[in-house]
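Here the structure is laid out as structure tokens; the discussion comes afterwards.
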Amino acid sequence: MRVNSRLRKIASQCVVVAVMLSTLRLLLSTPTFYSSLPIPTNNSYTTPDHSEITVSWYNKLHDPPYHSGFIYESLGYLIPLSRMVPQLGWDADMSSSRALSNGFVTGLPAEDQMTAISLLFKEDHNREVRRGSSGGFISVVFDQPRYYPHIFTNTTHRKASYKIGRAMFETTWVPYPWVTSINTYLDELWVPSGFAKDIFKSAGVTVPIHIHHQGFRAEEFKELLSSEKRTETRTRLFSGCLSDDVIFFSVGGFQQRKGHDILVEVFGMLPVSAAACLYVRTSDYHGTVEYTAFVERVKELRATGRRIFVSTEDLKREE
């Protein structure tokens, strides 16, 4: 009888996991699901209904949050899903501290600040609830596959009934250790594009791969559609460009695979007289010799009269 009871419980958990997965996929497959949702006005934290199945979302944090496109994208999923999945908790890893700093909180849109804090409280509660359990929750890990062995071996995520990872790589190949981690630890993989799905499959990933496009707050960009706002933003951000220039804008940390060097070489093929301007917002947080060479090449092209600008200052949220 005890065996049958246990089997029924496991079967029940599997059904709930399947329903939850279907819901997550449906929400994420809606192109405008973030911007179309009403923003809640109730900022009070309510203890969630802890049923057998919870969803734990794991990712590392950066402070301030907009220092990294990675965390911005993660929040693009988290905030709207939190309004639809009551048991969603945020396992935010700040490495040295679980505390959410003032700098991080104030860097978020005002309507999202309490939501982020509530998700952390939910995760703390959810972790305690499931610490002694044998599973019954979905784990979504928004981090590089090289960290899966640690996350799915040394944290409570190892107990997840269903393990999901989200990953991407901007080249035509995927590091082999990533493939091994994905096939070893995940039940399915989320990627942001068809291109990413193809390269992970061709690299040898055997678990199901689902495409969920990158999340962002569409409402933050709506005001930029007005000609007045566009002119103001253009003048403020791209002061070195001429008024009739076509502006090419690149934002991203400097890593060789992202092709900053190729970008400037291609731009340098344009005639000097072309009404074009290239503005690169980046950061050399790896301290590479490639970055030094990149800066020198930009100086050479600028000396020919081409309008190329490189900035390593962090973008503010409003930018």
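The values are calculated or read from the model by the stated rules, or taken from the named source; none is laboratory data. Quick caveat, the model's predicted, so the values are computed rather than measured. Here Cβ is always computed from backbone atoms with ideal geometry, including for glycine, and neighbour counts include all displayed protein chains. The area values use the complete protein model at the heavy-atom level, side chains included, leaving out ligands, DNA and RNA. Shrake-Rupley method; radii C 1.70, N 1.55, O 1.52, S 1.80 Å.
Before we move on, is Thr180 touching a helix residue (DSSP H, G or I) at 6+ places or on another chain (Cβ under 6 Å) and either surrounded by fewer than 17 Cβ atoms within 10 Å (Cβ to Cβ) or part of a helix (DSSP H, G or I) (or both)? It is false that Thr180 is touching a helix residue (DSSP H, G or I) at 6+ places or on another chain (Cβ under 6 Å) and either surrounded by fewer than 17 Cβ atoms within 10 Å (Cβ to Cβ) or part of a helix (DSSP H, G or I) (or both). Apart from one condition, Ser82 fits all of (1) at pLDDT below 75; (2) within 10 Å of Leu119 (Cβ to Cβ); (3) open to solvent by 10 Å² or more (accessible area, probe 1.4 Å); the exception is (1).
Residue by residue, here is whether (1) among the basic types (Lys, Arg); (2) at pLDDT below 95; (3) touching a Gly at 6+ places or on another chain (Cβ under 6 Å) holds:
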residue: Ala160; (1), (2), (3): no, yes, no
residue: Ile182; (1), (2), (3): no, no, no
residue: Asp198; (1), (2), (3): no, no, no
residue: Arg217; (1), (2), (3): yes, yes, no
residue: Phe221; (1), (2), (3): no, yes, no
residue: Leu225; (1), (2), (3): no, yes, no
residue: Glu228; (1), (2), (3): no, yes, no
residue: Arg234; (1), (2), (3): yes, yes, no
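In the set (1) open to solvent by less than 70 Å² (accessible area, probe 1.4 Å); (2) touching a residue at least 24 places away in the same chain (Cβ under 8 Å); (3) part of a helix (DSSP H, G or I), the condition left unmet by Tyr279 is number (3).
Of all residues in segment 250-273, those being open to solvent by 30 Å² or more (accessible area, probe 1.4 Å) and modelled with pLDDT of 90 or more number 10.
Can you find even one residue in segment 117-128 that is modelled with pLDDT of 70 or more, β-branched (Val, Ile, Thr) and more than 27 Å from Phe254 (Cα to Cα)? So far as segment 117-128 goes, yes, one or more of its residues are modelled with pLDDT of 70 or more, β-branched (Val, Ile, Thr) and more than 27 Å from Phe254 (Cα to Cα). Selection of first residues in segment 78-92 that are among the charged types (D, E, K, R) and of second residues that are not in a strand (DSSP E or B), restricted to Cβ pairs under 7 Å at least 6 apart or on distinct chains, gives the following pairs, ordered by first then second residue: Arg83/Leu37; Arg83/Pro40; Asp91/Glu123. Quick check, is Ile247 of a type in the set (A, V, I, L, M, F, W, C), closer than 30 Å to Pro145 by Cα and at pLDDT 90 or above? Here the answer is no, as Ile247 does not meet what is asked. The set of residues in segment 136-151 that are open to solvent by 10 Å² or more (accessible area, probe 1.4 Å) and over 18 Å from the mean Cα position of the chain (by Cα) comprises Pro149, His150.
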